[in-house]
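Heads up: the structure comes next, in structure tokens.
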Amino acid sequence: MTFWAAGFQVYGFSALFKPISSELNFSRAVASGPAAITRLEGGFEGPIAGWATDRFGPRWVMLFGVFFVGLSLILMYFVNSLWAFYAIWGVMLGTAFNILGSIPADTAITNWFVKKRGRALGIKKVIDGLSGVIVLPLVAWLIIAQGWRMTCFIGGVVMLAIGVPLTWFFLRRHRPEYYGLLPDGATLEEEAADVDGVIERGVEYAGEAQEVEFTLRQAMRTRTYWLLLLTQASHSLAMPAINIHAIPFLTDMGIDPLVAAGMMALMVAASIPFRFIGGFVADRVSKDHLRFLIGASFIMQALGFTVFLLNQTIPMIYAWFILYGIGMGAAFTINIAVGGRYFGRKAFGFIRGTSMMFVTPFGIVAPIYCGWIYDTTGSYITAFTLVAVLVALSGVVVCFIKPPKPPVEGTDVRRIM
């Protein structure tokens, strides 16, 4: 489900960006607006989606997201004005993707895996990444063959036809203990009398991996929570800037749109093995050393920007995209694994969703700032330089953030606040 949705909303927008802005006569800063709206909404919707996922399970939350992703893409066929573009791509599709994109799916995986969580998340992130390798070039080809309107329409129909049945039949509402199971497919040594007994066994099982359950309030009382937010906020500038402006940047250099889409797909392809490798390594590293993995992944992304900024040639673009893709892929998985290892499972969705509220402003600023820099200077270089510096700084700072101390008081596993 996220494979197809991300192929359009995350990666495909870069291919759709110039055709939509050219036909509807939008400046690049104005055309970047829906991405900013999506980020802004994510700040409000993240806590709600996280709370709803922890409280009611991921099935209904994701079903809502799948339906409205499909409907929004279909409605894009009829867009002829700025307000409609903002309302449908920015508000409707943004809301739907924010709900579908990560929190409920990542929460479900986090609930069902502990000692193998990194690998499980890595597999999911590999499939997400394949959307940039497979769906993005498909979107670029469809735009040339059918136009951007029909491309969006086809994307919406496929989402509804496949996504709704997948959501309904293959998602469970609760963590495995509610079904008499333990995380990771581990078996109970002896049969428990009731669900509460199995839940207690699950808590003990997670404790073997140094995992402690925090409520949202307990997490927010730790210095670790706020320092992680600071570094994540600074790091979050890079991805929206590249996802939206990479293909316009490449085509401005005279590169054919299909070749540009292929170059961006190369970046995503470089990230794919490291999405799994990052998770695999995270499962084998102590909780205290996870911060160094995050720092290394951030610095790798900054290094990608730097090699191009120091030698602005087309061959260096390939080096930039490959290095950035490696760091991005590892960071995707490790960041989520760290959230589970540091703060546990019971309020994972709520904690992650609330974090989005604080990180969101940085993601809003990034694409609009890049578009404004281009509109005023005719170049993206100043914007890319600032992004590289901030990502590098976040990579250094995160290495000094230690895991939180366990809460003084334990609380019931059903209590998420």
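Odds and ends about this structure:
- Some residue of region 60-69 being more than 28 Å from A331 (Cβ to Cβ), more than 21 Å from the chain's Cα centre (by Cα), modelled with pLDDT of 90 or more and outside any loop (DSSP other than H, G, I, E, B): no
- Residues that are part of a loop (DSSP other than H, G, I, E, B) and of a type in the set (K, R), drawn from region 202-258: R221
- Top-ranked residue in region 239-252 [being of a type in the set (A, V, I, L, M) and at pLDDT below 85; ranked as nearest to the chain's Cα centre (by Cα)]: M239
- Within the option set S102, S22, S14, S27, being polar (S, T, N, Q), in contact (Cβ under 8 Å) with a residue 12 or more places away in the chain and within 14 Å of W148 (Cβ to Cβ) holds for one residue only, S14.
- Entry remark, region 186-214: residues being surrounded by fewer than 16 Cβ atoms within 10 Å (Cβ to Cβ) and at pLDDT 85 or above number 0 in total.
Results for (1) of a type in the set (S, T, N, Q); (2) within 29 Å of V359 (Cα to Cα); (3) touching a helix residue (DSSP H, G or I) at 6+ places or on another chain (Cβ under 8 Å); (4) in a helix (DSSP H, G or I), shown as yes or no for each residue.
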{"site": "P104", "(1), (2), (3), (4)": "no, yes, yes, yes"}
{"site": "S131", "(1), (2), (3), (4)": "yes, yes, yes, yes"}
{"site": "P137", "(1), (2), (3), (4)": "no, no, yes, yes"}
{"site": "V158", "(1), (2), (3), (4)": "no, no, yes, yes"}
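- Residues being free of Cβ contacts under 8 Å to residues at least 40 places away in the same chain and of a type in the set (G, A, S) - total across region 203-237: 1
- Region 371-403, residues that are modelled with pLDDT of 85 or more and under 26 Å from Y86 (Cα atoms): W372, I373, Y374, D375, T376, T377, G378, S379, Y380, A383, F384, V387
- Cβ-Cβ under 7 Å pairs, at least 6 apart or on other chains, region 330-346 side within 12 Å of L216 (Cα to Cα), far side among the aliphatic types (A, V, I, L, M) and in a loop (DSSP other than H, G, I, E, B): G344/V212; K346/V413; K346/I416
- Look at region 130-155: where a residue is touching a residue at least 40 places away in the same chain (Cβ under 8 Å) and more than 20 Å from M264 (Cα to Cα) and a partner is among the β-branched types (V, I, T) and part of a helix (DSSP H, G or I), sitting 6+ places away or on another chain with Cβ atoms under 6 Å, you get F153/I74.
- Of residues in region 371-412 being under 25 Å from the mean Cα position of the chain (by Cα) and assigned to a loop (DSSP other than H, G, I, E, B), the one surrounded by the fewest Cβ atoms within 10 Å (Cβ to Cβ): F400
- Checklist (1) among the hydrophobic types (A, V, I, L, M, F, W, C); (2) surrounded by fewer than 23 Cβ atoms within 10 Å (Cβ to Cβ); (3) over 23 Å from V61 (Cβ atoms) applied to A366, failing item: (2)
- Criterion applied to W148, W89 was being at pLDDT 90 or above, closer than 18 Å to P19 by Cα and in contact with a Pro (Cβ under 6 Å, 6 or more places away or on another chain), and the one residue passing it is W148.
- Test: residue in region 37-47 that is within 18 Å of F153 (Cα to Cα) and assigned to a helix (DSSP H, G or I): no
- Of residues in region 309-319 being hydrophobic (A, V, I, L, M, F, W, C) and in contact (Cβ under 8 Å) with a residue 24 or more places away in the chain, the one surrounded by the most Cβ atoms within 10 Å (Cβ to Cβ): I317
- Criterion (surrounded by 21 or more Cβ atoms within 10 Å (Cβ to Cβ), at pLDDT below 90 and in contact with a Phe, Trp or Tyr (Cβ under 9 Å, 6 or more places away or on another chain)) met by exactly one of G129, G155: G129
Matching residues to (1) aliphatic (A, V, I, L, M); (2) in a loop (DSSP other than H, G, I, E, B):
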{"site": "L293", "(1), (2)": "yes, no"}
{"site": "F298", "(1), (2)": "no, no"}
{"site": "Q301", "(1), (2)": "no, no"}
{"site": "T306", "(1), (2)": "no, no"}
{"site": "A319", "(1), (2)": "yes, no"}
{"site": "Y324", "(1), (2)": "no, no"}
{"site": "G329", "(1), (2)": "no, no"}
{"site": "G339", "(1), (2)": "no, no"}
{"site": "R345", "(1), (2)": "no, yes"}
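The values are calculated or read from the model by the stated rules, or taken from the named source; none is laboratory data. Just so you know, these numbers come straight off a predicted model, no measurement behind them. Please note: Cβ atoms are built from the backbone with ideal geometry, for glycine as well, and neighbour counts cover all protein chains shown.
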